[in-house]
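What follows is a single structure, written as C-alpha coordinates, with notes after it.
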Amino acid sequence: MIENTHQDNTSFGYRTVTEQEKTGLVKEVFSSVSSKYDIMNDTMSFGIHRVWKDALVDWMAPKDKTSCLDLAGGTGDIAKRILKRNAGVDVHVVDLTPDMIFEGRNKIGLGSTNQPVSWIVGDGLQLPFKDNQFDYCTIGFGLRNFRNYTNALKEIYRVLKLGGRLLVLEFSNVPNESLRQLYDSYSFKVIPKLGGIIASDVDSYQYLVESIRKFPGQEELKELMAETGFENIRYRNLSFGVVAIHSGWKI
(Lines give C-alpha, C1' and ligand atoms only; values in the text may rest on other atoms or scores of the structure.)
Protein backbone atom coordinates (compact mmCIF):
# COMPACT_ATOMS: atom_id res chain seq x y z
CA MET A 1 0.00 0.00 0.00
CA ILE A 2 1.41 3.39 -1.01
CA GLU A 3 1.11 6.12 1.60
CA ASN A 4 -0.68 9.25 0.40
CA THR A 5 1.74 12.11 0.91
CA HIS A 6 -0.30 14.69 -1.03
CA GLN A 7 -0.72 18.03 0.72
CA ASP A 8 -3.04 20.81 -0.32
CA ASN A 9 -1.46 24.13 -1.16
CA THR A 10 -2.35 27.39 0.51
CA SER A 11 -1.12 30.97 0.53
CA PHE A 12 1.58 32.44 2.73
CA GLY A 13 1.21 36.05 1.76
CA TYR A 14 1.70 36.08 -1.99
CA ARG A 15 3.61 32.80 -1.97
CA THR A 16 2.06 29.40 -2.57
CA VAL A 17 3.18 26.80 -0.03
CA THR A 18 1.91 23.52 1.35
CA GLU A 19 -0.36 23.66 4.39
CA GLN A 20 2.35 22.09 6.54
CA GLU A 21 4.88 24.68 5.37
CA LYS A 22 2.50 27.52 6.19
CA THR A 23 2.09 26.33 9.76
CA GLY A 24 5.86 26.41 10.28
CA LEU A 25 6.29 29.75 8.56
CA VAL A 26 3.52 31.40 10.57
CA LYS A 27 5.07 30.08 13.76
CA GLU A 28 8.41 31.59 12.73
CA VAL A 29 6.78 34.96 12.00
CA PHE A 30 5.14 35.29 15.38
CA SER A 31 8.13 33.91 17.27
CA SER A 32 10.21 36.61 15.62
CA VAL A 33 7.88 39.53 16.38
CA SER A 34 6.39 38.39 19.72
CA SER A 35 8.35 40.75 21.97
CA LYS A 36 7.46 43.77 19.81
CA TYR A 37 4.00 42.60 18.73
CA ASP A 38 1.99 44.92 20.97
CA ILE A 39 4.03 48.04 20.32
CA MET A 40 3.89 47.35 16.58
CA ASN A 41 0.09 47.05 16.77
CA ASP A 42 -0.09 50.43 18.48
CA THR A 43 2.30 52.01 15.99
CA MET A 44 0.82 50.54 12.79
CA SER A 45 -2.78 51.34 13.69
CA PHE A 46 -2.12 54.56 15.62
CA GLY A 47 -3.69 52.76 18.59
CA ILE A 48 -6.98 52.16 16.80
CA HIS A 49 -6.64 48.38 17.19
CA ARG A 50 -7.67 48.95 20.81
CA VAL A 51 -10.98 50.47 19.66
CA TRP A 52 -11.57 47.54 17.29
CA LYS A 53 -10.98 44.99 20.06
CA ASP A 54 -13.24 46.93 22.42
CA ALA A 55 -15.94 46.82 19.73
CA LEU A 56 -15.58 43.05 19.49
CA VAL A 57 -16.12 42.56 23.21
CA ASP A 58 -18.93 45.12 23.26
CA TRP A 59 -20.80 43.16 20.59
CA MET A 60 -19.97 39.90 22.34
CA ALA A 61 -21.41 41.17 25.67
CA PRO A 62 -20.14 38.09 27.54
CA LYS A 63 -22.49 36.70 30.15
CA ASP A 64 -21.58 35.56 33.65
CA LYS A 65 -20.65 31.90 34.23
CA THR A 66 -19.87 31.22 30.59
CA SER A 67 -16.78 29.85 28.85
CA CYS A 68 -14.81 31.38 25.99
CA LEU A 69 -12.14 30.02 23.69
CA ASP A 70 -9.91 32.88 22.55
CA LEU A 71 -8.27 31.30 19.53
CA ALA A 72 -4.95 32.65 18.24
CA GLY A 73 -5.16 34.73 21.41
CA GLY A 74 -1.44 35.44 21.55
CA THR A 75 -0.61 38.32 23.84
CA GLY A 76 -4.00 38.30 25.53
CA ASP A 77 -5.53 41.58 24.34
CA ILE A 78 -8.99 40.12 23.83
CA ALA A 79 -8.83 37.81 26.86
CA LYS A 80 -7.99 40.77 29.06
CA ARG A 81 -10.89 42.78 27.68
CA ILE A 82 -13.35 39.92 28.19
CA LEU A 83 -12.35 39.57 31.84
CA LYS A 84 -12.53 43.31 32.38
CA ARG A 85 -16.05 43.26 30.95
CA ASN A 86 -17.11 40.20 32.97
CA ALA A 87 -14.79 38.48 35.44
CA GLY A 88 -17.19 35.53 35.56
CA VAL A 89 -16.10 34.21 32.15
CA ASP A 90 -13.84 31.16 32.01
CA VAL A 91 -11.30 32.10 29.32
CA HIS A 92 -9.02 29.66 27.52
CA VAL A 93 -6.37 31.17 25.23
CA VAL A 94 -4.96 28.93 22.50
CA ASP A 95 -2.09 30.03 20.28
CA LEU A 96 0.29 28.19 17.98
CA THR A 97 3.39 30.08 19.13
CA PRO A 98 4.94 29.57 22.61
CA ASP A 99 6.60 33.01 22.51
CA MET A 100 3.24 34.72 22.01
CA ILE A 101 1.77 32.77 24.92
CA PHE A 102 4.76 33.85 27.04
CA GLU A 103 4.10 37.51 26.25
CA GLY A 104 0.40 37.08 26.98
CA ARG A 105 0.99 35.43 30.35
CA ASN A 106 3.22 38.29 31.41
CA LYS A 107 0.76 40.94 30.26
CA ILE A 108 -2.27 39.42 31.95
CA GLY A 109 -0.27 38.81 35.12
CA LEU A 110 0.92 42.42 35.25
CA GLY A 111 -2.38 43.93 34.19
CA SER A 112 -5.37 45.22 36.10
CA THR A 113 -7.09 41.86 36.31
CA ASN A 114 -6.03 38.98 38.50
CA GLN A 115 -8.50 36.55 37.01
CA PRO A 116 -7.04 33.23 35.89
CA VAL A 117 -6.69 32.43 32.22
CA SER A 118 -5.89 29.02 30.81
CA TRP A 119 -2.97 29.35 28.37
CA ILE A 120 -2.48 26.56 25.85
CA VAL A 121 0.04 26.19 23.05
CA GLY A 122 -1.87 24.37 20.36
CA ASP A 123 -2.96 24.06 16.75
CA GLY A 124 -6.35 25.63 16.08
CA LEU A 125 -7.14 22.90 13.57
CA GLN A 126 -6.71 20.20 16.23
CA LEU A 127 -8.09 21.74 19.39
CA PRO A 128 -7.53 19.78 22.62
CA PHE A 129 -11.15 20.12 23.73
CA LYS A 130 -14.22 17.93 23.69
CA ASP A 131 -17.25 18.64 21.53
CA ASN A 132 -19.77 21.27 22.67
CA GLN A 133 -17.56 22.83 25.34
CA PHE A 134 -17.60 26.62 24.88
CA ASP A 135 -20.27 29.32 24.90
CA TYR A 136 -18.12 31.67 22.83
CA CYS A 137 -15.14 31.59 20.52
CA THR A 138 -13.29 34.79 19.70
CA ILE A 139 -10.49 35.14 17.18
CA GLY A 140 -8.87 38.50 16.57
CA PHE A 141 -6.57 39.02 13.60
CA GLY A 142 -5.73 35.33 13.55
CA LEU A 143 -7.97 33.48 11.11
CA ARG A 144 -6.02 34.60 8.05
CA ASN A 145 -2.91 32.92 9.45
CA PHE A 146 -4.50 29.47 9.52
CA ARG A 147 -3.45 27.03 6.83
CA ASN A 148 -7.08 26.13 6.06
CA TYR A 149 -9.91 28.54 6.88
CA THR A 150 -12.69 26.01 6.31
CA ASN A 151 -11.17 23.39 8.61
CA ALA A 152 -10.52 26.04 11.25
CA LEU A 153 -14.17 27.10 11.21
CA LYS A 154 -15.31 23.47 11.36
CA GLU A 155 -13.13 22.87 14.41
CA ILE A 156 -14.50 25.99 16.11
CA TYR A 157 -18.02 24.81 15.33
CA ARG A 158 -17.22 21.43 16.89
CA VAL A 159 -16.11 22.82 20.26
CA LEU A 160 -18.92 25.38 20.57
CA LYS A 161 -22.01 24.43 22.52
CA LEU A 162 -25.40 24.42 20.85
CA GLY A 163 -26.33 28.09 20.99
CA GLY A 164 -22.66 29.07 21.08
CA ARG A 165 -21.33 32.09 19.24
CA LEU A 166 -18.28 32.82 17.11
CA LEU A 167 -16.91 36.33 16.72
CA VAL A 168 -14.14 36.99 14.20
CA LEU A 169 -12.28 40.31 14.12
CA GLU A 170 -10.17 40.51 10.97
CA PHE A 171 -8.83 42.88 8.38
CA SER A 172 -11.19 43.10 5.43
CA ASN A 173 -11.95 44.96 2.19
CA VAL A 174 -12.23 48.74 1.98
CA PRO A 175 -15.06 49.37 -0.53
CA ASN A 176 -14.17 52.97 -1.34
CA GLU A 177 -11.54 52.94 -4.11
CA SER A 178 -9.80 56.16 -3.08
CA LEU A 179 -9.53 55.07 0.54
CA ARG A 180 -8.40 51.62 -0.55
CA GLN A 181 -5.57 53.06 -2.62
CA LEU A 182 -4.44 55.21 0.31
CA TYR A 183 -4.66 52.22 2.66
CA ASP A 184 -2.69 50.01 0.25
CA SER A 185 0.00 52.63 -0.13
CA TYR A 186 0.39 52.93 3.63
CA SER A 187 0.33 49.16 4.12
CA PHE A 188 2.98 48.25 1.57
CA LYS A 189 5.25 51.28 1.79
CA VAL A 190 5.17 52.05 5.52
CA ILE A 191 4.29 48.98 7.60
CA PRO A 192 7.22 46.74 6.53
CA LYS A 193 9.62 49.65 7.18
CA LEU A 194 8.12 50.11 10.66
CA GLY A 195 8.60 46.38 11.21
CA GLY A 196 12.26 46.78 10.34
CA ILE A 197 12.74 49.75 12.64
CA ILE A 198 10.76 48.53 15.67
CA ALA A 199 10.89 44.74 15.44
CA SER A 200 14.03 44.36 13.28
CA ASP A 201 11.93 42.24 10.94
CA VAL A 202 10.82 43.57 7.56
CA ASP A 203 9.87 40.19 6.10
CA SER A 204 7.34 39.25 8.79
CA TYR A 205 5.42 42.48 8.35
CA GLN A 206 5.59 42.18 4.58
CA TYR A 207 3.87 38.80 5.03
CA LEU A 208 1.26 40.30 7.35
CA VAL A 209 0.38 42.98 4.80
CA GLU A 210 0.17 40.44 1.99
CA SER A 211 -1.92 38.04 4.09
CA ILE A 212 -4.55 40.73 4.56
CA ARG A 213 -4.92 41.09 0.78
CA LYS A 214 -5.29 37.32 0.34
CA PHE A 215 -7.96 36.93 3.02
CA PRO A 216 -11.65 36.68 2.01
CA GLY A 217 -13.68 39.87 2.10
CA GLN A 218 -16.78 40.53 4.19
CA GLU A 219 -19.30 38.67 2.07
CA GLU A 220 -16.92 35.82 1.24
CA LEU A 221 -16.19 35.16 4.92
CA LYS A 222 -19.91 35.30 5.69
CA GLU A 223 -20.51 32.64 3.03
CA LEU A 224 -17.66 30.50 4.35
CA MET A 225 -19.09 30.61 7.87
CA ALA A 226 -22.48 29.58 6.52
CA GLU A 227 -20.95 26.68 4.61
CA THR A 228 -19.38 25.38 7.82
CA GLY A 229 -22.67 25.38 9.70
CA PHE A 230 -22.98 28.79 11.35
CA GLU A 231 -26.29 30.62 11.24
CA ASN A 232 -27.63 34.13 11.89
CA ILE A 233 -24.37 35.49 10.47
CA ARG A 234 -23.87 39.23 10.45
CA TYR A 235 -20.91 41.53 10.18
CA ARG A 236 -20.03 45.07 11.08
CA ASN A 237 -17.46 47.17 9.24
CA LEU A 238 -15.12 49.31 11.30
CA SER A 239 -12.92 52.15 10.06
CA PHE A 240 -14.55 52.18 6.61
CA GLY A 241 -14.03 48.44 6.17
CA VAL A 242 -10.37 48.28 7.11
CA VAL A 243 -11.53 45.65 9.58
CA ALA A 244 -14.80 43.80 10.10
CA ILE A 245 -16.34 41.81 12.92
CA HIS A 246 -18.28 38.72 11.89
CA SER A 247 -20.74 37.06 14.27
CA GLY A 248 -22.27 33.61 13.80
CA TRP A 249 -24.14 31.11 15.94
CA LYS A 250 -24.20 27.34 16.30
CA ILE A 251 -27.93 26.64 16.30
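The values are calculated or read from the model by the stated rules, or taken from the named source; none is laboratory data. In this text the structure is predicted, and so the values were computed from the model without any measurement. Cβ sites come from the backbone with ideal geometry, for glycine too, and all protein chains shown count toward neighbours.
For region 154-199, how many residues meet the condition of being small (Gly, Ala, Ser) and touching a residue at least 40 places away in the same chain (Cβ under 8 Å)? Outline the logic, then answer.
At the first step, the residues of region 154-199 found to be small (Gly, Ala, Ser) are 163-164, 172, 178, 185, 187, 195-196, 199.
Among the residues that remain, those that are also touching a residue at least 40 places away in the same chain (Cβ under 8 Å) are: 163-164, 172, 195, 199.
Looking only at that region, the number is 5.
For Val121, all conditions in the list (1) under 25 Å from Ile48 (Cβ atoms); (2) at pLDDT 95 or above hold save one; what is the number of the exception?
(1)
Only one residue in Leu169, Leu162, Leu182 is outside any helix (DSSP H, G or I), exposed (fewer than 15 other Cβ atoms within 10 Å of the Cβ) and at pLDDT 95 or above. Which one?
Numbers: Leu169 fails: exposed (fewer than 15 other Cβ atoms within 10 Å of the Cβ); Leu182 fails: outside any helix (DSSP H, G or I).
Among Leu169, Leu162, Leu182, only Leu162 is outside any helix (DSSP H, G or I), exposed (fewer than 15 other Cβ atoms within 10 Å of the Cβ) and at pLDDT 95 or above.
Would you pick out the residues in region 222-247 that are in contact with a Phe, Trp or Tyr (Cβ under 7 Å, 6 or more places away or on another chain) and not in a strand (DSSP E or B)?
Lys222, Leu224, Thr228, Gly229, Phe230, Val242
Out of (1) loosely packed, with under 15 Cβ neighbours inside 10 Å; (2) at pLDDT 95 or above; (3) under 16 Å from Ser67 (Cβ atoms), what's the single condition that is false for Thr150?
Result: Thr150 passes all but (3).
Restricting to region 225-251, count the residues that are within 16 Å of the chain's Cα centre (by Cα) and over 18 Å from Pro175 (Cα atoms).
Number satisfying all stated conditions: 3.
Is there any pair linking a residue in region 30-51 that is under 25 Å from Phe240 (Cβ atoms) to one that is part of a helix (DSSP H, G or I) and of a type in the set (Lys, Arg), with Cβ under 6 Å and at least six apart or on different chains, and which?
none
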